[in-house]
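The values are calculated or read from the model by the stated rules, or taken from the named source; none is laboratory data. Owing to the predicted nature of the structure, the values given are computational and were not obtained by experimental measurement. Cβ atoms come from the backbone with ideal geometry, glycine included; neighbour counts cover every protein chain shown.
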Amino acid sequence: MPLDDVDPARAALLVIDMQNAFCHRDGTLGISGVDIENCAAAIAPISSLVAAAGASEIPVIWTLQEHLPDDRWRARRQLPAHTAKRVRVAALAGTWDAELIEELAPLANDPSLVISKHRFGAFYQTRLDLLLRMLGRTALIVTGVTANACVDTTMREAYLRDYDVVAVYDAIGGIDERWKATAAEVWAQYMGIVVPSQEVVAWMSAARARAGQARANGEERAAHPRT
């Protein structure tokens, strides 16, 4: 399968913006009349991926979108920003709206792997690129929301920086399934590969088994050195 070309020792799982604003019915998208079910549907596969990544020693990096109530740089625009198309500005810093969804919040337990961002792209003026370099990771397994905005932008940023990009289709939520399907066609053509979460979990499990066998073989050799 295509994932076999990716070295797990060089991969990181990226979870983009799984926050109340975008995934909870009482968040900004929900109260703005957006159907958030497709975004919420990504919670379960992401949870499975995070568990498998942890067992396979693959780092899990989380992003949090944070807006300011008075963004003067954005306010200078002459055309309406996307934030003006909702009943309020989503994910204001320090609010419940900006917090990770309850089901996933306990899993983001390493602050050094949580990235705050202020625009669509997870690389744009953040420390994500440097963090990945420090971790020795050159492949990104991408999940989160939303398919047509932050996820798509981040994949393009990653590809332009020569990262290998793996999009996990059912672990990515969007506000319109048609947009998500179209985006996935573009990702598969230009950015990397698009796979289901079950395939990624199986790949992680296989990598874990190989690593365990390698350790066992090493211990065996150490216990019975050749003479």
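List of remarks:
- Every residue from segment 141-162 that is surrounded by fewer than 24 Cβ atoms within 10 Å (Cβ to Cβ) and touching a strand residue (DSSP E or B) at 6+ places or on another chain (Cβ under 6 Å): CYS150, TYR159
- Only residues that are farther than 19 Å from ASN109 by Cβ and part of a loop (DSSP other than H, G, I, E, B) were counted across segment 41-59, and they come to 2.
- Among the conditions (1) outside any loop (DSSP other than H, G, I, E, B); (2) closer than 15 Å to LEU64 by Cα; (3) not acidic (Asp, Glu), LEU130 misses just one, which is (2).
- Restricting ARG133, ARG226, ARG137, ARG215 to residues that are within 24 Å of SER56 (Cβ to Cβ), modelled with pLDDT under 95, of a type in the set (Lys, Arg) and out of contact with any Leu (no Cβ under 7 Å at 6 or more places or on another chain) narrows the list to ARG215.
- Among (1) in a helix (DSSP H, G or I); (2) out of contact with any Phe, Trp or Tyr (no Cβ under 9 Å at 6 or more places or on another chain); (3) over 27 Å from ASP176 (Cβ atoms) - the single one ASP4 does not satisfy: (2)
- Residue ID - modelled with the highest pLDDT, chosen from residues in segment 173-212 that are among the aliphatic types (A, V, I, L, M) and over 30 Å from HIS24 (Cα atoms): ALA206
- Selection from segment 87-105 of residues that are of a type in the set (A, V, I, L, M), under 15 Å from ILE36 (Cβ atoms) and part of a helix (DSSP H, G or I): none
- Just one of the listed residues (ALA51, ALA41, ALA55) is surrounded by fewer than 22 Cβ atoms within 10 Å (Cβ to Cβ) and free of Cβ contacts under 8 Å to residues at least 60 places away in the same chain, namely ALA51.
- Filter result (in a loop (DSSP other than H, G, I, E, B) and surrounded by 11 or more Cβ atoms within 10 Å (Cβ to Cβ)) within segment 60-86: GLU66, LEU68, ASP71, ALA81, ARG86
- Filtering segment 153-204 to residues that are β-branched (Val, Ile, Thr) and either in contact with a helix residue (DSSP H, G or I) (Cβ under 8 Å, 6 or more places away or on another chain) or over 16 Å from ASP17 (Cα atoms) (or both) leaves VAL165, VAL166, VAL168, ILE172, ILE175, THR182, VAL186, ILE193, VAL194, VAL195, VAL200, VAL201.
- Going through (1) surrounded by fewer than 15 Cβ atoms within 10 Å (Cβ to Cβ); (2) farther than 27 Å from GLN198 by Cβ; (3) without any contact (Cβ under 8 Å) to a residue 24 or more places away in the chain one by one, ALA93 falls short only on (3).
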